[in-house]
C-alpha cells in the first residue's frame, strides 16, 4: 500500500469521528509526503471557505503558492481541513462545518484556529498539515494535539492564496509529527529548494532563556510541572538556563491590540460578502466584525503602533541567549463544554507581533489527564533553521510524539 493510500484509509476510518478533513482531492499516488491543507488556503478544485458558511460554494480556481510548491516538490495534497470560523478563535468548534475533536480525547478541543490541521497530524491522517498562525493558531493546535508546529519568520512563506484574518500578522506554517517534517516542509514552502540534512543542535553549551510569565500568566498544574521538569532535564543535558521576559510585551494590552487589529482587518476582508449574505456568518463572528468596523481610527492606529513597538524591542530579548523557551499554551486541551481561556495565546502571540520564528514541541503527557504538554522554542528574527535545530534537540530529549491510544 502506498503512503497516500494508507493516509486515505486512515481518513476513511477515523475522520467521521474526528472531523478534521472536509474535502478530498482525487488520488494521485504521489511518492512524497501527504499533506492536508487548512481550508483558508486555496487548493485548486476544492471549496475554499476559511470555515465560513457564506463561502461554502466558493471553489478555488488555482493553488496557493505554498500548495503549488508542495506539489512541485513531489508532495501529495489529500484535501482541506476544518478550522475555526474565519481563523478568529482557538477551539475549532465551527458552526458551519462542525467541531473537530481532539484525537487524544473526544469532546475536547484540538485548539485553533488550525484545529483540523493539528488533529489530522495527531491521528496520522496525513504526514504534514498546513495551518495559519496569527496569534498562535499553528502552535496551539500542535500543543493540544501532541505534535510539532512551526510559525515562520514574518514574510518567509508567501500568503497569496490565503483568505486573510489579518493581512498584517497571518503566517502560513506546517504541523508535523516530527521536527524533521517541519524542516523539510519549510524548505519547500519558503522556496529554499532541496533541504539540507536535518541535524539537531547539541544541548550542551546552549544558553537558553526561560520565559514563564512571572506569575502574570496563570499556568495549569500540568503545564507548570511540565516546565519545571523540562528545565531540570535541560540543565542535566548541559544547557545554561536564565530567566527572560520579552521587553515591552504586556499580556492584556498585547492581547487586546492583536484582537482589535484582527477584527478591524477581518472586517475589511469580509465586509462585502457579509453585506450580501449575513446569515452565512455566525452571530458571534458578525459581532466581532461589527466591533472592528466601528473602532475609531486613532484607536486602531494606537494598536498598530503598540504592536510595532513590540517588534522593535524584541531583539533585546535575545541578548546573551541562543533561544527562548516558554510553554506553548498555559493549559492543555480542554472540553468543548468549558469556556475558552482568555490567555490561550499569551505565550504564542509575541512571535507573531515580533516577526520571530517559533516551534511548538511535544514535551510529554500529563500524568493526571493523559493529555499532551508542549514547549515552545523561539528564535531571533530570521533564525528559522537554528530554531528548528534546537527544537530537534528538544524532540530527542522528550521523545517523538506518540499516536493517541487506540489509534496506533
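None of the figures in this text is laboratory data; all of them are computed from the coordinates on show. Quick caveat: nothing in here was measured; it's all calculated off a predicted structure. Every residue, glycine among them, receives a Cβ derived from its backbone with ideal geometry; neighbour counts consider all protein chains shown.
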Note to self: Cβ neighbours within 10 Å, averaged per peptide: list 6-18, 47-59, 293-305, 323-335 in order, most packed at the top.
What the structure shows: 323-335, 47-59, 6-18, 293-305
Check: Expressed as a rounded percentage, what relative contact order does segment 3-189 have, with Cα pairs under 8 Å and six or more residues apart?
Finding: 22
Next item on the list: Give me the orientation-averaged projected area of the Cα convex hull of segment 166-237, in nm², one decimal.
Entry: 7.8
Check: If the viscosity is 0.692 mPa s and the temperature 37 °C, what translational diffusion coefficient in µm²/s does Stokes-Einstein give for segment 3-189 when Rh comes from Kirkwood over Cα pairs?
Finding: 213
Notebook entry, point to check: Expressed as a rounded percentage, what relative contact order does segment 92-180 have, with Cα pairs under 8 Å and six or more residues apart?
Noted result: 28
Notebook entry, point to check: Any idea what Rg and Dmax come out to for segment 161-308 if you just take the C-alpha atoms, in Å?
Noted result: 20.8, 60
Next item on the list: Pull out a ≥ b ≥ c, the square roots of the eigenvalues of the alpha-carbon gyration tensor of segment 349-391, then state rounded if a/c is under 1.5, prolate if not and a/b is larger than b/c, and oblate in the remaining case.
Entry: oblate
Next item on the list: Compute the Cα gyration tensor for segment 302-408, then decide on rounded, prolate or oblate, letting a ≥ b ≥ c be the square roots of its eigenvalues: rounded whenever a/c is under 1.5, prolate when a/b is larger than b/c in the other cases, and oblate in all that remain.
Entry: oblate
Notebook entry, point to check: Relative contact order of the chain: what whole-number percent is it, with Cα pairs under 8 angstrom and at least 6 residues apart?
Noted result: 18
Note to self: Quick check: from the Cα gyration tensor, does segment 79-141 come out rounded (a/c under 1.5), prolate or oblate?
What the structure shows: rounded
